[in-house]
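Report on the following structure.
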Amino acid sequence: TQLLEQSPQFLSIQEGENLTVYCNSSSVFSSLQWYRQEPGEGPVLLVTVVTGGEVKKLKRLTFQFGDARKDSSLHITAAQPGDTGLYLCAGYNAGKSTFGDGTTLTVKP
Amino acid sequence: NAGVTQTPKFQVLKTGQSMTLQCAQDMNHEYMSWYRQDPGMGLRLIHYSVGAGITDQGEVPNGYNVSRSTTEDFPLRLLSAAPSQTSVYFCASRSSGTEQFFGPGTRLTVL
């Protein structure tokens, strides 16, 4: 069984602060995805990283895939209340995705 | 395109009852999956399908059945509901790539 551990589980910060969410595994993944989920809705894809060491930027969000393709991080710069939500990482192998338990982010105005 | 649709949105069952959660997609995606999401946990794969007529078990398949008679539809059947099956159920579909498109979920309570 491939496991993905996310940390922290909960994060509450003030608007304007920076934060980093981590996603770690002992397994190697062919790609890794980050999703964001709002209450009452299904997850929505933010980014897919494929190459070890890859860095992708999406406005104030920076995603990095570890060199060994076992871990990833999501960094948010100058967080805003609209960033509030559940962030999920998912490792992909052999046609199936394994999800982490998620990080619940609350950004207070 | 409606994307991925799920019905019902909410459901309450008594222990032992059976029901079918419906999922449909209009994107002509080959791959479809069912997940359950419990508080404090991510999504766990129940069953998945790589095309019409082909299904396979995921991480937590016990107590659930699926079938895939058409590309569009992928219903999930609870044979005899148990309180442990209280959860939020998500259906997802994807093409040959890795991006999954999720439905809005079905919130199921088993008393």
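The values are calculated or read from the model by the stated rules, or taken from the named source; none is laboratory data. Computed from a prediction, not measured in an experiment: that's the story for all the values here. With ideal geometry, Cβ positions are generated from the backbone for all residues, glycine too; neighbour counts draw on all protein chains shown.
Structure values in brief
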read-out	value
Candidates B:32, B:27, filtered to the one that is over 20 Å from residue A:90 (Cα atoms), among the hydrophobic types (A, V, I, L, M, F, W, C) and away from chain A (no Cβ under 11 Å)	B:27
Out of A:82, A:95, A:91, A:100, sole residue that is farther than 18 Å from residue B:99 by Cα and of a type outside the set (A, V, I, L, M, F, W, C)	A:82
From B:69, B:95, residue being exposed (fewer than 14 other Cβ atoms within 10 Å of the Cβ), touching a Phe, Trp or Tyr at 6+ places or on another chain (Cβ under 8 Å) and more than 9 Å from chain A (Cβ to nearest Cβ)	B:95
Residue satisfying condition, being at pLDDT 95 or above, of a type in the set (A, V, I, L, M) and closer than 15 Å to residue B:100 by Cα, within set A:46, A:74, A:61	A:46
Residue within the range B:20-31 that is more than 28 Å from residue A:100 (Cβ to Cβ) and without any contact (Cβ under 8 Å) to a residue 40 or more places away in the chain present	no
Filtered residues of the range A:67-109 (kept if part of a loop (DSSP other than H, G, I, E, B) and more than 14 Å from every other protein chain (Cβ to nearest Cβ))	A:67, A:68, A:70, A:77, A:78, A:79, A:80, A:84, A:109
Yes/no for residue A:85 being more than 21 Å from residue B:58 (Cα to Cα), crowded, with 16+ Cβ neighbours inside 10 Å and in contact with a strand residue (DSSP E or B) (Cβ under 7 Å, 6 or more places away or on another chain)	yes
Tally of residues being at the interface with chain B (Cβ under 9 Å from one of its Cβ atoms) and either in contact with a Leu (Cβ under 6 Å, 6 or more places away or on another chain) or part of a strand (DSSP E or B) (or both) across the range A:1-42	5
